[in-house]
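No lab work stands behind these numbers, since they all come straight from the coordinates. As the structure is a computational prediction, the values presented were derived from the model and not from experiment. Cβ coordinates were reconstructed from backbone atoms using ideal geometry, including for glycine residues, and neighbour counts include every protein chain displayed.
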Amino acid sequence: MEDNNEINDMVNNFNSESNYEQNEEEEEDNINMNQINQIFHYNPAEYENDYIINKLFEMQILKKEPICEKCGGKMKLENDNQYLDKKVWRCRSKNPKHDVKRNIRVNSVYEIFNVPLFILYFLTFECFSLNKKINKSLIDIKDLCSQLGKPATTKRVIIKLFRALREKLRIFMHKDWSNNPLGSEPAENGVPRIEIDESEIIGNQNNKIWMFSLIDRVDKEARVFCVMNDRTNENLLPIIERTVLTNDIGNNWNLKTRIYSDCYASYQPNDFEERGYILHRVNHSVWFGQGLFHTNTVEGLWSKIKRLSNNFSGITMNYVNELQNEEINIKNYFDGWICYSLFQRHIEKNHFATTESKIYLSDFLKIN
Ligand SMILES: [Zn+2]
């Protein structure tokens with residue numbers, strides 16, 4: 001009974017202050033409306049064609065003042081309504097006589113698309129760089145286009161663009177990795193220490209696709225490769241050899257690069273010794289968390305990659321088969337996803353603001 005009285009008191013109290021309650025609700029509504037207006041308001045001037053084109057020239061995503069292939073002179077930007085972008089590079093001369101036109105998108109990541117540049121720009125720098133998913137990106141681009149009174153684009157275009165952007169990241173990163181092997185920065189009073197491990201990307205009982213990672217314990221630099229279903233020594237050892245410095249100066253055992261793997265892998269210490277490394281196999285049940293003998297760094301990397309790629313965007317084996325039928329290189333496809341996660345990892349690690357993330361992405365998309 002006492003409980004009931006308490007509830008009655010509460011109801012009575014609220015009733016007596018019903019006006020106050022109503023006002024509070026109205027205030028809440030106003031706050032929500034303001035938030036919505038803030039989030040979805042775009043400045044049309046920033047998506048105007050000339051403005052976007054100049055921006056892309058400045059960012060070097062489109063090539064500025066390309067060289068004429070006929071005379072070697074600088075081409076001039078002209079208005080031309082025959083082109084989707086209403087602009088074209090042109091060179092006309094009498095000696096030698098020629099009139100050459102060049103699409104402003106040539107060699108850029110946008111070359112294979114025939115949707116307006118403001119749409120591609122928005123999807124690249126307001127969606128992809130901020131790790132927005134496909135569906136959220138579609139909602140946002142539709143919203144922008146409806147505010148601008150222009151036709152929007154399709155999910156298909158977004159998927160194709162994001163795939164092309166991931167491919168750019170892959171090409172850039174893999175090239176960078178081949179020039180910068182791991183193991184050049186030894187730990188203080190120590191030797192370079194690299195953890196290696198394999199993790200499943202996707203799979204079913206018949207077929208699995210794996211990734212293989214090597215990560216430096218000191219600077220947390222990571223190299224991650226899709227190795228398809230081949231986790232044999234024959235496939236992985238050459239990757240280790242070209243990715244990790246041996247630090248084998250003067251054949252001094254004490255200076256050799258240490259490589260840590262877990263015990264489940266089939267690596268043989270001899271194979272590593274022959275290549276100038278020292279392999280430590282970590283038995284989780286005995287050594288986990290003890291001193292230098294652990295693979296915690298690479299375990300942390302796996303969870304980051306899986307989270308940042310949204311578990312590889314929930315791709316299924318059936319989808320992989322579809323991609324294969326479209327003659328898409330599956331290894332490159334997954335390497336693209338891996339590189340995208342590493343890109344997002346860098347943004348997270350450095351606490352990049354939105355603008356910094358855009359600049360960081362534009363570095364990968366530069367045309368030269
Ligand atoms: Zn010329």
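Structure notes:
- Computed from label points 7 Å out along Cα-Cβ, the spacing between K64 and S313 is 3.2 nm.
- Cβ-defined net charge surrounding L292, 9 Å radius [Lys, Arg +1; Asp, Glu -1]: +3
- Radius 9 Å from Cβ of S213, net charge of other residues (Lys, Arg +1; Asp, Glu -1): -2
- Extension gain, A353 to N95, is 87.7 nm, computed as 0.36 nm per intervening residue step minus the present C-alpha separation.
- Applying 1/(1 + (r/R0)^6) with R0 = 41 Å to the Cβ-Cβ distance of R231 and K160 gives a FRET efficiency near 0.85.
- Rounded to the nearest 20 debye, the dipole magnitude of region 80-196 is 840 debye, with +1 charges on Lys and Arg beta carbons, -1 on Asp and Glu beta carbons, and the Cα centre as origin.
- For T246, no residue has an amide H sitting under 5 Å from its own, ignoring neighbours fewer than 5 places away on the same chain, with H placed 1.01 Å from N.
- Low-density loop cleavage sites - trypsin sites (Lys or Arg not before Pro) in region 113-193, where at most 10 other Cβ are within 10 Å (DSSP): none
- Nitroxide proxy distance, nm - points 7 Å out along Cα→Cβ at N325 and N49: 3.9
- Ordering D262, D363 from the fewest to the most neighbouring beta carbons within 10 Å gives D363, D262.
- Förster-model FRET efficiency, 51 Å R0, E274 and S146, C-beta, rounded to 0.05: 0.20
- Legend: ranking of residues Y267, Y83 from fewest to most surrounding C-beta atoms inside 10 Å; resulting order Y83, Y267.
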